[in-house]
1. With a Förster radius of 25 Å, plug the Cβ-Cβ distance of Met271 and Lys189 into 1/(1 + (r/R0)^6) and report the FRET value to the nearest 0.05.
2. Local charge sum around Ser148 (other residues, Cβ-Cβ under 14 Å, Lys/Arg +1, Asp/Glu -1)?
3. Can you give me the three principal axis dimensions of region 131-281 from its C-alpha atoms, in Å, biggest first?
4. If the chain between Asn133 and Thr91 were fully stretched, how many nm would it gain, using 0.36 nm times the residue separation less the Cα-Cα distance?
5. What pairs in Lys164/Lys263; Lys164/Lys208; Lys15/Lys164 have C-alpha atoms more than 27 Å from each other?
6. Hey, rough spin-label estimate for Ser9 and Val231, points 7 angstrom out along Cα→Cβ, what's it come to in nanometres?
7. Just add up the charged neighbours of Tyr76: K/R +1, D/E -1, any other residue whose Cβ is under 10 Å from the Cβ of Tyr76.
8. Of all GluC sites (Glu not before Pro) in region 211-266, which ones are in loop regions per DSSP and have a Cβ with at most 10 other Cβ atoms within 10 Å?
Amino acid sequence: MTFTIGIPSTALLDKWVSISIVLTNGVQPTPENTKFYVNGVEQETQAFLGKKEPKVFNTSPTLKVGNGKSTSTNTYYAFQGEIKNLKIWNTERTSSQIINNIDDSTTESESLVGYWELREHTNHKVYDLSILNNNGIVSGSDFSSPFSLNAAMTDIDGDISWNKQNWASKYVLKRDNATVYEGEEHDFKEQYLESETEYAYSVYGLSKFGESLSTSKTFSTGLGDLELLSVPTSISFNDTILDGTNKVSKGNIEPIYIKDSRKISEGWRLMISSSPLTSNDKQIPMNSLLLKSNLKIYKEKGSSNESINQQFSNYIDNG
């Protein structure tokens, strides 16, 4: 003996309907121990004679909503409609409680053990807003990501952008499956990439209810280059009185920036020379001054400076 529950669906077509079912855990459902509500109004349930004896099944740890399995064809079929939210309580709800809480989004209840708010954008993951945090995965062939990815790439940098979504509280951008950005902005500045290299990017949005499907796209950096970006125009020394004896004065020179973004590099040579030095408005005689340089070269990549540990101590003749 099995039973059926429900009412004619013609009056409910194209309308949002609250469906509530009260079942006794671990007990075969019958019209006597089962209650069925439509918009908070209890419905009549009837028993009918089935072909098989009723059984009590152990439920799977995975809860599936919105699809079923045909016993005749052994195939799955999808619910022909939309589902807005799903709540599971571990206590019986009365008709008045159901009516008063149809649109209630309160989650602070120990008896509420499952609460999923389904939105158009939560087409990948939907968060469980109850205290148990059993998040769900959404599947369906009709779902698509709302994002489009764009990029303007140089040899080592890139400006990555995507379209803004009003529902999103933040976005997650990944490069080669590693998160490089998570925040509220809908663009990101890439730095210190490798030239002539393909990078796979993906982006998706998050809200309090869940996550959207991601959009993926591959971008390539341009050809690398060797370039002298900036050189110092002067050297400043501490004031020194020249009286015919040997004097030592320490000075400072601004950094020299060299960009080498070539994918295959065999190194480079830096040659430094100085023009005649002056003291105030007087030129120092040729071949009368030796400059001892103490230089360090740093390789800058990423967020830190990596010293190559090459130091030079040689003399530069004035002139």
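1. Numbers: r = 34 Å, r/R0 = 1.36.
Efficiency, rounded to the nearest 0.05: 0.15.
2. Values: positive: Lys164, Lys217; negative: Asp187.
Charge balance near Ser148 sits at +1.
3. Ordered largest first, region 131-281 gives principal extents of 88, 38, 26 Å.
4. Details: separation 42, 0.36 × 42 = 15.12 nm, distance 1.84 nm.
Extending this stretch completely gives an extra 13.3 nm.
5. On the way: Lys164/Lys263 34 Å; Lys164/Lys208 17 Å; Lys15/Lys164 31 Å.
Long pairs (Cα-Cα over 27 Å): Lys164/Lys263; Lys15/Lys164.
6. With each label placed 7 Å out from Cα toward Cβ, I get 8.0 nm.
7. On the way: positive: Lys64, Lys69; negative: none.
Result for the neighbourhood of Tyr76: +2.
8. Numbers: sites: Glu211, Glu227, Glu266; in loops: Glu266.
The qualifying sites are Glu266.
Every read-out reported here was derived from the displayed coordinates using simple, explicitly stated rules and does not represent laboratory data. Here the structure is a predicted model, which is why all the values come from computation and not from measurement. Note that each Cβ is placed from the backbone with ideal geometry, even for glycine, and that neighbours are counted across all protein chains shown.
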